[in-house]
Amino acid sequence: MAEHPAYPVGLRLTGRRVVVLGAGQVAQRRLPALIAAGADILLVSPEATPSVEAMADAGEITWEKRPYAEGDLANAWYALIATSDPEANTAASTEAERNQVFCVRSDDADQATAWTPATGHSEGVTVAVLTTDARGRDPRHTAAIRDAVVAGLRDGTLVAPHHRTRTPGVALVGGGPGDPDLITVRGRRLLAEADVVITDHLGPRDLLAELSPNVEVIDAAKLPYGRFMAQEAINNALIEHAKQGKSVVRLKGGDPFVYGRGMEEVQALAEAGVPCTVVPGISSSISVPGAAGIPVTHRGVAHEFTVVSGHIAPDDERSLVDWPALARLTGTLVILMGVGTIGKVAETLIAHGKSPDTPVAVVQEGTTAGQRRVDATLATVAETVRTQEVKAPSVIVIGEVVDVGPKRHA
């Protein structure tokens, strides 16, 4: 038997009897998948790990607290033999052979009639990896192959195009703060499967280089606006391409719903009858300070943090921010899009009671190769930003947390 490779097959065990002998670590690892497969599971073992016992208490398996006995495998479709008693394992394996029940043996794979593959899952696909040569079985190598394939499918580095008809639509993907490794696994996979990608200048640009040459990449800043506002033109482009039957990804920086106007796009798509999936992203409001060594909260220093858009100055009648209330808060204030208005912001906060000595850090191009951090105080930040020629995109952090960790200037 060892001279021939195992024949791979997927067992459909829903409602079918599966017998598990032994309730140690092996059973603990294998039982969840059997439960998920809908099997009717009989567990035979005098003792069980707490996790296995919890499965029995929850009614997911039937547990008979005793050793194996002849006849336990009657009417079984599949068996997992994993007791600590070699004689019992051999007897059960013999019964399985006699009754034509495929069985796995944890103690002696050569005497088993089935092997458990290293398995993983990604978006409705199960990856199962088996060693073809019984004499050279290497479970760690098999598991490593499984992990590599599943990781590739999840993050989009291993592209497996769908050949059946896909439902056209739009995925609104948050690309994270800039480092291409900080996009979510789902976002990267959807990006790899896209027919059209509509991006903006804050989306992680390095990811675009990984796309297939047949993917149409559209820079939102270069769309012909004509009589439309910029956002209207973007909405129209999303709708137009989706209605052509294409899979469209709208790649945005940070998170789509944190100053990303993502809901406007969702609403436009809904009105046009175009299905939309929202994939959250890591917001720069917390990730960029973290990358610069600044926690937005810290025990005994800040119990809250507030994220504010600084694109409109405090003295502008269009501002919706209650700046006097912000000045009274004792936690962390994170300002996005505030490089051009930081002078007015600092003046307003000081005027309403914030100490001029409050620490401030400005982090430019956070998480990217061009990241740099500039430190100041509320009293000096406007001049510091000017003399240091700080540019957007930058995240401004105001509060005592700025001085918690080591300052890293670059």
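The values are calculated or read from the model by the stated rules, or taken from the named source; none is laboratory data. Since we're looking at a predicted model, the values are computed, not measured. Here Cβ is always computed from backbone atoms with ideal geometry, including for glycine, and neighbour counts include all displayed protein chains.
Determine if the range 322-336 includes at least one residue that is of a type in the set (G, A, S), under 14 Å from V401 (Cβ atoms) and in contact with a Ser or Thr (Cβ under 8 Å, 6 or more places away or on another chain).
Checked against the condition, which is being of a type in the set (G, A, S), under 14 Å from V401 (Cβ atoms) and in contact with a Ser or Thr (Cβ under 8 Å, 6 or more places away or on another chain), the range 322-336 yields at least one hit.
Kindly state which strands (runs of 3 or more DSSP E) lie completely within the range 329-410 and contain at least 1 residues that are among the small types (G, A, S).
Here the list reads 359-364, 372-377, 394-398.
In the list R140, R154, R146, which residue meets the criterion of being under 30 Å from the mean Cα position of the chain (by Cα), outside the structural domain of G187 (by TED's automatic domain parsing) and under 21 Å from G10 (Cα atoms)?
The conditions single out R146.
Within the range 254-277, is even one residue outside any helix (DSSP H, G or I), among the polar types (S, T, N, Q) and over 21 Å from the mean Cα position of the chain (by Cα)?
no
Assuming K344 fulfils every condition listed in (1) over 30 Å from H201 (Cα atoms); (2) touching a Pro at 6+ places or on another chain (Cβ under 9 Å); (3) of a type outside the set (A, V, I, L, M, F, W, C) apart from one, which condition is it?
Against the list (1) over 30 Å from H201 (Cα atoms); (2) touching a Pro at 6+ places or on another chain (Cβ under 9 Å); (3) of a type outside the set (A, V, I, L, M, F, W, C), K344 comes up short only on (1).
So, T348, is that one farther than 18 Å from V395 by Cβ and not aromatic (F, W, Y) or not?
Spelling it out, T348 is indeed farther than 18 Å from V395 by Cβ and not aromatic (F, W, Y).
Just one of the numbered conditions (1) farther than 24 Å from H201 by Cβ; (2) under 28 Å from the mean Cα position of the chain (by Cα) is not true of V395; which one?
With respect to (1) farther than 24 Å from H201 by Cβ; (2) under 28 Å from the mean Cα position of the chain (by Cα), V395 is out only on (1).
Hey, does the range 39-46 have a residue that's within 30 Å of the chain's Cα centre (by Cα) and closer than 21 Å to Q100 by Cα?
Yes, the range 39-46 has at least one match.
Going by the conditions given, is V249 of a type outside the set (S, T, Y), buried (at least 23 other Cβ atoms within 10 Å of the Cβ) and either modelled with pLDDT under 95 or not assigned by TED's automatic domain parsing to the domain that holds L336 (or both)?
Yes.
Quick test of your reading of the structure: S84 fulfils all but one of (1) over 18 Å from R16 (Cβ atoms); (2) part of a helix (DSSP H, G or I). Name the failing condition by number.
Just one mismatch for S84, condition (2).
Return the pairs, sorted by first residue and then second, in which the second residue is of a type in the set (F, W, Y) and surrounded by fewer than 14 Cβ atoms within 10 Å (Cβ to Cβ), the first residue lies in the range 348-367 and is assigned by TED's automatic domain parsing to the domain that holds A382, the beta carbons are less than 9 Å apart, and the residues are 6+ apart or on different chains.
Qualifying pairs under 9 Å: none.
Looking at (1) in contact with a Pro (Cβ under 9 Å, 6 or more places away or on another chain); (2) assigned to a loop (DSSP other than H, G, I, E, B), which one does M55 not meet, given that it meets all the others?
Here M55 meets the rest and fails (2).
If you go through the range 175-206 one residue at a time, how many are over 16 Å from the mean Cα position of the chain (by Cα) and aliphatic (A, V, I, L, M)?
Residues meeting the conditions: 5.
Just one of R29, R66, R12 is among the basic types (K, R), on the phi < 0 side of the Ramachandran plot and in a helix (DSSP H, G or I); which is it?
R29
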